[in-house]
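One structure is given here, and the rest of the page talks about it.
Every read-out reported here was derived from the displayed coordinates using simple, explicitly stated rules and does not represent laboratory data. Nothing here was measured: the structure is a model prediction, and the numbers come from that model. All Cβ positions, glycine included, derive from the backbone under ideal geometry; neighbour counts span all protein chains shown.
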Amino acid sequence: MRATKRTRAGTALTNLILDLFKVNNRMLTSGDKLVAGLGLTSARWQVLGTIATSDRPQPVAWIARDMGANRQNVQRIINDLASEGLVALATNPHHRRAQLVILTDKGKNAFEAAMRLQAPWVNGLSEGLKVKDIETTHGVLMALRLKLEGNEDVEEQT
């Protein structure tokens, strides 16, 4: 059986994807180490951040959608955060079973502490990188994300 040949862009994107997998794993490991002293993991920190930056309380399914994550995984993390008092669940007036997730004061404090650690960490990571290169890479990743989400009209949105 003959393999289908990739285009030059397809080969370049394949190499980028493989490196993204490696970077993602290292980013999660580094993030875990960064916030371990706060009793957080990268996954918990990401969920707290999604809740903290939301305009209003949301149900778990919406939080998962905003993160591009699996609802069941986010639910498990929300349950853990709730048991530790970092989030609370509130009645949703629009849906009986889908409770709203709210950041508690303890959760806000944990997220703010994580972000205080993040600033010097990310500044160190960015040393030696050109802002223009970072912005270009961000644009490419946003375009890929939109395509993967099924939005074919990428160029107008990036």
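Net charge in the neighbourhood of THR11 (other residues with Cβ under 15 Å of its Cβ; Lys, Arg +1, Asp, Glu -1) is +2.
Compared with the dominant principal axis of the Cα atoms in the chain, helix 105-126 is inclined by about 20°.
Each label point was placed 7 Å from the Cα along the Cα-to-Cβ direction; for VAL23 and ALA88 their separation is 4.0 nm.
For region 40-125, a simple Cβ point-charge model (Lys and Arg +1, Asp and Glu -1, everything else neutral) yields a dipole of about 240 debye relative to the Cα centre. Positive contributions from Lys and Arg (+1) and negative ones from Asp and Glu (-1), summed over other residues with Cβ under 13 Å from the Cβ of ILE63, come out at +3.
Model label points for THR11 and ARG96, set 7 angstrom from Cα along the Cα-to-Cβ axis, are 6.0 nm apart.
Checking a compactness column here: for region 60-112, what do you get for Rg(Cα) / (2.2 N^0.38 Å), N being the number of residues? Spell out each step's value before the answer.
Values: Rg = 11.1 Å, N = 53, 2.2 N^0.38 = 9.9 Å.
Dividing the Cα Rg of region 60-112 by 2.2 N^0.38 Å gives 1.12.
Just how far, in whole angstrom, is region 107-126 from region 14-40 if you go by their alpha carbon centroids? Using only Cα atoms, the two centres lie 15 Å from each other.
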